[in-house]
Amino acid sequence: MDIAAMAFVFVLATFIGIGVIRRVSRLLHTPLMSLTNAISAIAVIGAIIVAGDDHYPTFVRVLGAIALFASMTNIVSGFLITQRMLKMFRTSREPPR
């Protein structure tokens with residue numbers, strides 16, 4: 001596959017992804033974020049395998065390390081946002097004054 005075909009697939013996937021995400025109702029954004037965390041976890045496993053294997057060239061291992069960093073950033077950010085959202089729904093034990 002040449003670079004033009006790969007760029008075309010990337011741009012097409014980007015626009016389809018943006019179109020799908022924009023059509024998701026507000027009530028479904030939290031489950032969608034959870035699914036994104038699960039997909040990032042799969043990417044982390046693949047990146048660990050690629051970055052830690054000596055059979056791959058150095059350039060591919062560096063890309064694996066970058067993918068590992070990006071996926072872990074996505075997972076941690078997702079958990080932080082979820083925790084922040086859950087704090088909004090937490091009720092205090094003290095009665096209001």
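What follows is calculated from the coordinates using simple rules that are stated; it is not laboratory data. Every value quoted in this text rests on a predicted model; they were computed, and no experiment measured them. Methodologically, a virtual Cβ is constructed for each residue, glycine included, from the backbone with ideal geometry; neighbour enumeration extends over all protein chains shown.
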Task: Only listed residue being under 27 Å from Pro31 (Cβ atoms), among the aliphatic types (A, V, I, L, M) and either free of Cβ contacts under 8 Å to residues at least 24 places away in the same chain or exposed (fewer than 12 other Cβ atoms within 10 Å of the Cβ) (or both), chosen from Ile66, Ile75, Ile48 - done: Ile48
- [ ] Report, by residue number, each residue of the range 9-45 that is in contact with a Leu (Cβ under 9 Å, 6 or more places away or on another chain) and either surrounded by 12 or more Cβ atoms within 10 Å (Cβ to Cβ) or aromatic (Phe, Trp, Tyr) (or both).
- [x] Ala43, Val44
Open item on the list: Scan the range 53-60 and tell me whether some residue there is surrounded by 13 or more Cβ atoms within 10 Å (Cβ to Cβ), under 23 Å from Leu32 (Cβ atoms) and free of Cβ contacts under 8 Å to residues at least 40 places away in the same chain.
Closed with: no
